[in-house]
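K.L.:
Starting off with a structure, shown below.
The values are calculated or read from the model by the stated rules, or taken from the named source; none is laboratory data. Because the structure is a prediction, the values reported are computed rather than measured. No Cβ is skipped: glycine too gets one built from the backbone with ideal geometry, and neighbour counts run over all protein chains shown. Side chains are part of the model used for accessible areas, which takes the heavy atoms of the whole protein and leaves out ligands, DNA and RNA. Shrake-Rupley method; radii C 1.70, N 1.55, O 1.52, S 1.80 Å.
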Amino acid sequence: MIPVEYYIILSAILFAIGVAGVLVRRNALIIFMSIELMLNSANLAIVAFSSVLKSFSGQVFVFFVIAVAAAEVAVGLALMVEIFKAKHSIDVDQMNSLKG
Amino acid sequence: MTPNLILFLILALVAVATALGMLFSKNAVYSALFLVLNFVTVAVFYLLLGAPFIAMAQITVYAGAIMVLFLFVIMLLGAERLPDTHVLPWQKPLATVLTVILALESTYLLWTKARPSGAVLPPGAEVNTVDNLRAMAMTLFNDYLLPFEVTSVLLLVAMVGVIVLVRREKGQKS
Amino acid sequence: MHLSETATTGYFFLAPWLVFAPVIGLLVNIIFGGRFSEKVIGTVASLASGASFVVSVLLAWSLAAGHGAAVTVPFLEWIHIGNLELDWAFRVDSLSTTMMLVVSGVGTLIHIYAIGYMHEDVRFKGDPGRFRRFFVFLNLFIAMMMILVSGDSYLMLFVGWEGVGLCSFLLIGFWYDMDTLGRPSWANSNAAKKAFVTNRVGDFGFLVAAFLMFWAFGSFQFDEVFEAAHAVAPGVIVAITLFMLIGVAGKSAQIPLYVWLPDAMAGPTPVSALIHAATMVTAGVYLITRSAELYTLVPQAQYIVAMTGAITALFAATIAVGQYDIKKVLAYSTISQLGFMVAAVGMGAFVAGMFHLVTHAFFKALLFLSAGSVILGLERGHHHAEHSHHEQKSKGKGGKSKVEGGHGAHDRHEEVFDPGDMRNMGGLRKTMPVTFWLYMIGTLALAGIVPFAGFWSKDEILLDASLHYPTVYLLLSIAAFFTAFYMGRQIWMVFFGEPRHEAAAHAEESKPIITAPLMVLAALSLLGGALNLPFEGFHQLGHWLEYTLHEVEALPLDLQVAGISTLLALTAIFLSWLIYGRNPLKAGQPDPLKKPLGFIFTGMENKWFVDEGYFAVIINPFKRLSYFLADVVDWRFWHDWFHETVIAGTYNWLSNIGLNLYADQKGIDAFANWLGTATQSLSATLRKVQNGFVRSYALSVLVGVVFILGYLILKS
């Protein structure tokens, strides 16, 4: 028997790693992957709670999140391809023309 | 230390390690592969939590479709590595410190505040049964039918959007 | 709301057509008149006026059928403010129908006459385009007069009062760009202005009376005012009636405001007959009769009214003796006769006053129109004579003096021929026989010879005066004597003797369209006395008006008074024959009265210098005061010194030094500039945060999250 807190803490650690990835990496693709990691950590927490509460709603939400993530990745990667076409780089630091 | 707990700890270790691997890999392809491993580990957690459908969806959609797409794009763009730069020198240390604080804070908060009573599944329970799957399907198609359909529309919209984004305009230079 | 009964049976619903028939007529002539011939224009106008007459007859008939009970016909809500309710309603009672019948009846006859008269007049004056305008004005006058006499309140009466004043102004100044002889000048328009301004003085009195009335009674409605009048202090009534008398003096040409009426003869003759003899000028008499209930409450005011009328009657009659213009004589005669009427209504003899009003409308319209016929006859004669004159000498362009313009008038003496001057006439009895007989009838009626209409009405006034006011009786008797005298003088000068001018010798009789209405009026002048014969069983007008006026005194014929007045009239006519008839005036000879009477006749000739007196006493000082106020007070003091120097100077100084330099530049400007600079430097600092790196933006989000979580931890 595993206390649910373990899952939650694991989820928090994974989320923090995802946050760090977004902040530290300059490669837009890796930033994107970090975002996916954060989504996953959230999913893990939801499923853990769902299991404790004996409710399938949580699982259904996770299913939706996965669907939304798929759509998001499709659009995001398309955007990235376009950006690469324009800038010939996917370094986010190169995209700093919008500054004061 | 029950076998379940031991299994959990090992898997948790793998998950954190693969996540860190994704974070620190210089090569984007390695990052992607670490992430696939991470997703698979999470899928095992789902099985442990009694969500076999989500586990399968995780493996097919995330590990299969999405990550393949990632690899595909990485290789298409040839952007495995980025040259080193020296902009924002304070960003990395500050981000690291703040992330650690965030992790500590959220752990503390969850440990002390969010305590759903009871534990996850009694030991030895048959969790991943067909009945369980059927019950979840009932929930999905009864209570959440409309959101489900909306999801399909969302996917369609995303598809159309992607096509519009990458389409070559008439008369535009490639 | 009304004390009178409301119309139920009869033709009372037609009352608004009294006003609308002439209004439709004038609109038709305004809109379509340009395409009509003169005959059609005249016919439309006459029919409009005639329709008004028919309505008046129907109203009178309905009233008689209803035993004379006054009827109010509500028509329009006019002003409703809070409790103040002023409506346009028609009041049909025996008094107003009498006025309606006179106005529309005489008015229609004069319309018909004017078709013939104006046809020639516009050609002598050289502008046939004004024919239509004349009939539009004439119809407007009928409409306004109908509003005046049919109004249910003093306010509606005032609307009509001002409307007829406007028409009077327009028609006196009808030939606004010439004088009475057709020479280019502003004399006629000056006469119109004089009439208008003088009337304004009178209207001021009327307005004050109306305001007092509203203040005292809270209403303008006749019935409500009369009802309330008994409960009010007599002083208020005295004030109201005397201020009303000022209005009457203005409109009905009484001393001291009569001076406009002689000058009003500048208008075409039908106007003189309709407005300045028969109808509009009698509005004052109507007003007093209408306010009978107010006047009978205050004998002091009645006495003043009676004396005003009597003095005016005598004063104007003396002036009439010394006049040479045929219309001026009649004008002063009108003033004198109006004096008779005002004296009558002042004495409380309202029936006598109204009776004289009606008969006077007949015979004075007859006289004026006949005089117009005489003038036209002379114009024709002058035209004829001049034409043949030119043919003989076979030079000049011929035609009228008007065409020659200003400088031509000085070259030849005969250019300034005055067809209205009695010294140019003489012997017209032979050349204009119809006009002569008509004029005779009018003269006898005015002079008060039995059995003409004027005798009965004047006698009734004299009888009333002899019973109650001996002074008034004396004044009026002398005035009656003068009346007969100047009318005799006129007859002898105009129709007897030898022609004193080429034009008189060649004068031609007028066409039937001019003489036919005159015959109707002559018949009325002859028989009009039958309206109110002073015998037992008659007194029809008295009984008729009794419905409205209540206590009416029906006096029998007093042979003494009648005898004296007849004797005076015959003596005066005989005297005039002695002076003017036995030895007819020769051309160029001065008036035979000039030598024996000396300066008195000079006074009569010059209207007792009243106009000159007004100029010296009122108008010139007023002008000097105006110049002083305009130049010294307004321009130099107010404008130059006060406005320019004091206000503008101070303001400039204040705004330059105080506001501009200190408040604006050093205060507001400085603050605004500091605000701008501060914002600039602040934003220059803050923009460094916007470095464009999306990672650092995300970091700032994380900082926020960390802080919020820290807060949550510390809070618990």
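K.L.:
At a threshold of 8 angstrom on Cα-Cα distance, excluding pairs fewer than six apart, so keeping six or more, what relative contact order does the range C:500-610 reach in percent?
P.N.:
Averaging sequence separation for qualifying contacts and normalising by length gives 16 percent for the range C:500-610.
K.L.:
Order these peptides, A:79-86, C:659-666, by their mean beta-carbon neighbour count within 10 angstrom, highest first.
P.N.:
A:79-86, C:659-666
K.L.:
Let me ask something else about it. Measuring from a point 7 Å past the Cα of C:Ala516 along Cα-to-C-beta, which residues in the range C:22-62 have an amide N at less than 20 Å?
P.N.:
It comes to C:37-54, nothing else.
K.L.:
Moving on. Extending each Cα 7 Å along its Cβ direction at C:Leu597 and A:Ala86, get the distance between those two points in nm, one decimal.
P.N.:
11.5 nm
K.L.:
Where in the range A:3-22 is the amide nitrogen less than 18 Å from a point lying 7 Å along the Cα-to-Cβ axis of B:Phe24?
P.N.:
From the range A:3-22, the list is A:13-22.
K.L.:
I would also like to ask the following. For the protein assembly as shown, what % of the accessible area comes from carbon and sulfur atoms, probe 1.4 Å?
P.N.:
70 percent
K.L.:
In addition: Computed FRET efficiency, Cβ-Cβ of C:Lys688 and B:Leu133, R0 60 Å: what is it to the nearest 0.05?
P.N.:
The formula returns an efficiency of 0.60 here.
K.L.:
Residues of the range A:1-15 losing 20 Å² or more of accessible surface, assembly versus chain alone, probe 1.4 Å, please list them.
P.N.:
Listed in order, they are A:Met1, A:Ile2, A:Val4, A:Glu5, A:Tyr6, A:Tyr7, A:Ile8, A:Ile9, A:Leu10, A:Ala12, A:Ile13, A:Leu14.
K.L.:
How high is the relative contact order of chain B, given as a whole-number percent (alpha carbon pairs under 8 Å, six or more residues apart)?
P.N.:
For chain B, the relative contact order is 18 percent.
K.L.:
What is the interface area between chains C and A, defined as buried accessible area summed over both chains with a 1.4 Å probe, reported in Å² to the nearest 100?
P.N.:
Chains C and A together bury approximately 900 Å².
K.L.:
Between the range C:282-301 and the range A:1-62, what is the C-alpha centre distance in whole Å?
P.N.:
110 Å
K.L.:
For chain B, what does the alpha-carbon gyration tensor say about shape, rounded, prolate or oblate, given a ≥ b ≥ c as the root eigenvalues, a/c under 1.5 as rounded, and a/b over b/c as prolate?
P.N.:
Because a/c hits 1.5 or more and a/b fails to exceed b/c, chain B counts as oblate.
K.L.:
For C:Asp634 and C:Glu553 in one chain, what is 0.36 nm times their gap in residues minus the Cα-Cα distance, to one decimal in nm?
P.N.:
Here the segment from C:Asp634 to C:Glu553 would lengthen by 23.3 nm.
K.L.:
Using label points projected 7 Å from each Cα along Cα→Cβ, tell me how many nm separate C:Ala69 and C:Ser388, to one decimal.
P.N.:
Here the modelled spin labels are 6.9 nm apart.
K.L.:
While we're looking at this one, here's another question. Enumerate by residue number the GluC sites (Glu not before Pro) in the range C:478-547 meeting two conditions: DSSP loop (anything except H, G, I, E, B), and at most 11 other Cβ atoms within 10 Å of the site's Cβ.
P.N.:
C:Glu536
K.L.:
Same structure, new question: What does the accessible area per residue of the protein assembly as shown come to in Å², with a 1.4 Å probe and no ligands, DNA or RNA counted?
P.N.:
That works out to 45 Å² per residue.
K.L.:
Rounded, prolate or oblate for the range B:1-81? Axes are the square roots of the Cα gyration tensor eigenvalues, ordered a ≥ b ≥ c, and the cut-off for rounded is a/c under 1.5.
P.N.:
Oblate is the answer for the range B:1-81, as a/c is 1.5 or above yet b/c matches or exceeds a/b.
K.L.:
Let me ask something else about it. Would you mind getting me the FRET efficiency between B:Tyr108 and C:Ala670? Use the beta-carbon distance for r and R0 = 60 Å, nearest 0.05.
P.N.:
Efficiency at R0 = 60 Å is approximately 0.65.
K.L.:
Accessible area lost on pairing B with A, both sides, 1.4 Å probe, Å² to nearest 100?
P.N.:
For chain B against chain A, roughly 6800 Å² becomes buried.
K.L.:
Count charges around C:Leu446 for me, please; just the other residues with Cβ under 12 Å from its Cβ, Lys/Arg as +1, Asp/Glu as -1.
P.N.:
My count for the surroundings of C:Leu446 gives +2.
K.L.:
Note down the net charge around C:Met213, summing +1 for each Lys or Arg and -1 for each Asp or Glu among other residues with Cβ under 14 Å from its Cβ.
P.N.:
Net charge around C:Met213: -3.
K.L.:
Tell me the net charge near C:Ile237. Cut-off is 14 Å between Cβ atoms, C:Ile237 excluded, with +1 for each Lys or Arg and -1 for each Asp or Glu.
P.N.:
-2
K.L.:
Can you grab the distance from the C-alpha centre of the range C:531-593 to the C-alpha centre of the range C:94-155, Å, no decimals?
P.N.:
28 Å
K.L.:
Each label point is 7 Å from the Cα along the Cα-to-Cβ direction; what then is the distance between the points at B:Thr96 and B:Phe148, in nm?
P.N.:
With each label point 7 Å from Cα toward Cβ, the separation is 4.8 nm.
K.L.:
Also, I was wondering about something else. What FRET efficiency comes out for C:His80 versus C:Phe574 if R0 is 56 angstrom and r is the Cβ-Cβ distance? Round to the nearest 0.05.
P.N.:
So, using R0 = 56 Å, E works out to roughly 0.30.
K.L.:
Just checking the output field for B:48-60: average partner chain Cβ neighbours within 10 Å of each residue's Cβ?
P.N.:
Rounded to a whole number, the mean comes out at 5.
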